[in-house]
1. Accessible area per residue, 1.4 Å probe, Å², for the stretch 68-190: what's the number?
2. GNM on the chain, C-alpha springs below 10 Å: top fluctuator among GLU112, GLU122, GLU175?
3. Top mean-square fluctuation among GLY140, GLY117, GLY127, Gaussian network model of the chain, C-alpha springs under 10 Å?
4. With springs only between Cα atoms under 10 Å, which of ASP69, ASP48, ASP153 fluctuates most in a Gaussian network model of the chain?
5. Return a whole-number percent for the relative contact order of the chain, with Cα pairs under 8 Å and 6 or more residues apart as the contact set.
6. If you take the charge dipole of the stretch 4-188 about its Cα centre, with +1 on Lys and Arg Cβ and -1 on Asp and Glu Cβ, which of VAL105, ALA129, PRO94 is farthest toward its positive end?
7. Of the heavy-atom accessible surface of the stretch 4-188 (probe 1.4 angstrom), what whole percent is carbon and sulfur?
8. What is the sum of charges, Lys and Arg at +1 and Asp and Glu at -1, for the other residues whose Cβ falls under 13 Å from the Cβ of ARG126?
Amino acid sequence: MTLDKYHEKRDFTRTPEPAGAADPSGTAAAAARRFIIQKHHARTLHYDLRLEDDGVLKSWAVPKGPSLDPAEKHLAVAVEDHPLEYGDFEGSIPEGEYGGGKVIVWDRGTFEPFGEGETFAEMLERGAAKIRLHGEKLQGGFALIRTRWGGKDKNWLLIKEKDQHARPGYDVTKEEPLSVLSGRDVDEVE
Ligand code: MN
């Protein structure tokens, strides 16, 4: 695992985002894997899904955000790995910097991958991962499925599994817009 791409894109003398370790391998794994969804108002509003694996946060930008409705298949674009410390970040990235705009922690908790005899890394490599989220807003099973749209390998779909936590017709990003850390909405960040 490496954070090279994360570091290349940012000037840590200018952005308040955490730099993270130069080499995160060997970072002690937490007992439970963390998941975070940050609401990020950059040029456009989107949600960043982050899932802990092997000392980093695997990350996807989800333009429409997550849904609890199994009928909704939302695009999730894979982006560079982020440091674990990023999961606590709320703040304002200066204009002109990479990802310039405001960030809140929209949801967080733990997750577990579930599959037959595969590690989470193997599921991601294969392009089909199932995870169970234990968040404040999101619970239950979700699938992350890689698609071939645009001939690229960075486009995935995030889909709620049908289980007792599914809420057809409910718009969780609209009904529950605020930070689970500070109670602020994203544009209220200083
Ligand atoms: Mn983002």
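The values are calculated or read from the model by the stated rules, or taken from the named source; none is laboratory data. Since we're looking at a predicted model, the values are computed, not measured. Neighbour counts are summed over all protein chains in view; Cβ atoms, including those assigned to glycine, are modelled from backbone coordinates with ideal geometry. Note: areas computed on protein heavy atoms with side chains; ligands, DNA, RNA excluded. Shrake-Rupley method; radii C 1.70, N 1.55, O 1.52, S 1.80 Å.
1. Details: 6370 Å² over 123 residues.
Ligands and nucleic acids excluded, the figure is 52 Å² per residue.
2. GLU175
3. GLY117
4. Looking only at ASP69, ASP48, ASP153, the largest GNM fluctuation is found for ASP153.
5. On the way: 441 pairs, mean separation 43.1, N = 190.
Relative CO of the chain lands at 23 percent.
6. ALA129
7. 48 percent
8. -3
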